[in-house]
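Below: one structure, written as structure tokens.
The values are calculated or read from the model by the stated rules, or taken from the named source; none is laboratory data. Please read these numbers as outputs of a predicted model, since none were measured by experiment. Cβ coordinates were reconstructed from backbone atoms using ideal geometry, including for glycine residues, and neighbour counts include every protein chain displayed.
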Amino acid sequence: MTGRHGGLPAPKPQRADLRVGRLTKAHGLKGALKVELYTDDPDLRFEKGATVSLQVPTDSPWFGQQLVVKELRFYNAQPVVFFEGIDDRTVAEGLARAILWVEHDPTERPQEDDAWFDHQLVGLDVKRDDQVVGQLVRVDHLPAQDLLAVATSAGDEVLVPFVKQFVPEVNPDEGFVRITPPGGLFEDVEDESE
């Protein structure tokens, strides 16, 4: 997200924080906002009294601010959040497009087996067989599936579908993910490095 009035791009919070949503637009007249959820557990992340940090452009009056959740409701399956102190539509409209982050307890684990938080994966070595082919720099969350963005030593970025068939082993404790990518995905990169 970049500033509309010459402000610097919105800096991301610390690496261990979790991105839990993005405010899309005001809803109604009483300060509610529609929210695009980036969490599997909205009841926990948006429980009454939860504090969220805002990622907004540096020239926004909301830069560096936090909000306290008053309530999360669903209207026609669309999540809508109310915050303490945001009581009218005009104020709420100023928060549209803000990304919401929560502080993450490093001992917390995802609820499912074979699930990781993004910050647990970013920075890991990516191995093909026993050879390191790059470093995991980002996880892209798409509607169909997640993709691992791998920066290669040749300076390229390769996207690997984050499915068991292509990523059979994820080992954050030892600092790597093992991939078995489909044919042609890394061959061009290997040819360039030779």
Residues located in the range 156-188, provided they are closer than 15 Å to G123 by Cα, out of contact with any helix residue (DSSP H, G or I) (no Cβ under 7 Å at 6 or more places or on another chain) and either in a loop (DSSP other than H, G, I, E, B) or among the polar types (S, T, N, Q) (or both):
N171, D173, E174, G175
Given the options L37, L18, L44, name the one that is more than 14 Å from the chain's Cα centre (by Cα), surrounded by fewer than 21 Cβ atoms within 10 Å (Cβ to Cβ) and farther than 12 Å from A96 by Cβ.
L44
Among the residues of the range 20-60, the number that are part of a helix (DSSP H, G or I) and in contact with a Leu (Cβ under 8 Å, 6 or more places away or on another chain) is 3
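Can you tell me how many residues within the range 158-173 are charged (D, E, K, R) and within 16 Å of V133 (Cα to Cα)? First the steps, then the outcome.
First, pick out the residues of the range 158-173 that are charged (D, E, K, R): 164, 169, 173.
Remaining after also requiring within 16 Å of V133 (Cα to Cα): 169.
Residues meeting the conditions: 1.
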Would you say Q65 is modelled with pLDDT of 90 or more, surrounded by 13 or more Cβ atoms within 10 Å (Cβ to Cβ) and assigned by TED's automatic domain parsing to the domain that holds G28?
yes
